[in-house]
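The values are calculated or read from the model by the stated rules, or taken from the named source; none is laboratory data. Keep in mind that this is a model prediction, so the values were computed, not measured. Neighbour counts run over all protein chains shown; Cβ positions are idealised from the backbone, glycine included.
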Amino acid sequence: MRAFSRLIKTELRDRRNALVVSLTVIAIIQAALAVLTATLSVPGALDLIRTLNSGVLLCGFLLPLIRCFTTWIEEWKQHSIYKLMILPVSRLHLIAAKYIAIMLELLLILAVIIAGFTIQNTIADGSMFRSEPLLAFDWPKLLLLVRWLLAATSIILLSFFSVFIGKWQGAFSVPITFISFIAGLFVLTGISSVLPSLFTFLAADVLLAYGSLYLLDKKVGVA
């Protein structure tokens, strides 16, 4: 467990500067939107700010998604994958460490965005969006949060799996990675529209984790 915790700390330390810059930029944008909320009084101003907030939220999701791919691609690019693979830890721990680091990054970004939304909503006297349904606790809401967590895990693991598929094929690894990821998204979306999404994402998490572990251990490891 000590080696595993060091892996997580290393992942976070390597990403620290980029994460600080990302969080700072998002916080500055949120502060600017808060100023706009306080100063703009023209009709439709809140609708414009809501649209801008949607863009910020989308970018907040895109940053960890890009990280899902680059975290492994950089290992090969910097030739550090060979050192990583000979560490006295299991392949599962290697995957889990990167997953936890990306999930923590996502949660930090969401925390800054939600804080910005809350400040803007306070300035707008609660007219930006209704906060009461978000603050009230009920079991369907908890189930929804679990579903979102499982869906985020599926996307992260699908990104890992796609990178390993591309590296396994060797030539044209980038387009193969992209095609694998898009195909996986279509499959996940299609199945979740037919079966209960909670079950779908849970099953996908298990299969993608096993598939990533197999590819990393058997197909793209150090010869």
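So here's what we get for this one:
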item: Meets criteria (touching a Cys at 6+ places or on another chain (Cβ under 9 Å) and under 26 Å from S180 (Cβ atoms)) for I95; result: no
item: Conditions (1) buried (at least 17 other Cβ atoms within 10 Å of the Cβ); (2) under 28 Å from V174 (Cα atoms): number failed by F117; result: (2)
item: Every residue from region 147-166 that is over 21 Å from L104 (Cα atoms) and touching a Leu at 6+ places or on another chain (Cβ under 8 Å); result: F164, I165
item: Hey, T37 crowded, with 18+ Cβ neighbours inside 10 Å, β-branched (V, I, T) and closer than 13 Å to E105 by Cβ or not; result: no
item: Scope region 1-34; condition modelled with pLDDT under 90 and β-branched (V, I, T); matching residues; result: I8, T10
item: Counted residues, region 183-202 - those being among the β-branched types (V, I, T) and either surrounded by 12 or more Cβ atoms within 10 Å (Cβ to Cβ) or in contact with a strand residue (DSSP E or B) (Cβ under 8 Å, 6 or more places away or on another chain) (or both); result: 3
item: Odd one out for T177, checked against (1) in a loop (DSSP other than H, G, I, E, B); (2) under 18 Å from the mean Cα position of the chain (by Cα); result: (1)
item: Any hit, region 58-67, residues being surrounded by 14 or more Cβ atoms within 10 Å (Cβ to Cβ) and either touching a Cys at 6+ places or on another chain (Cβ under 7 Å) or of a type in the set (V, I, T) (or both); result: no
item: So I109, is it surrounded by 15 or more Cβ atoms within 10 Å (Cβ to Cβ), within 21 Å of Y210 (Cα to Cα) and in the same structural domain as R16 (by TED's automatic domain parsing); result: no
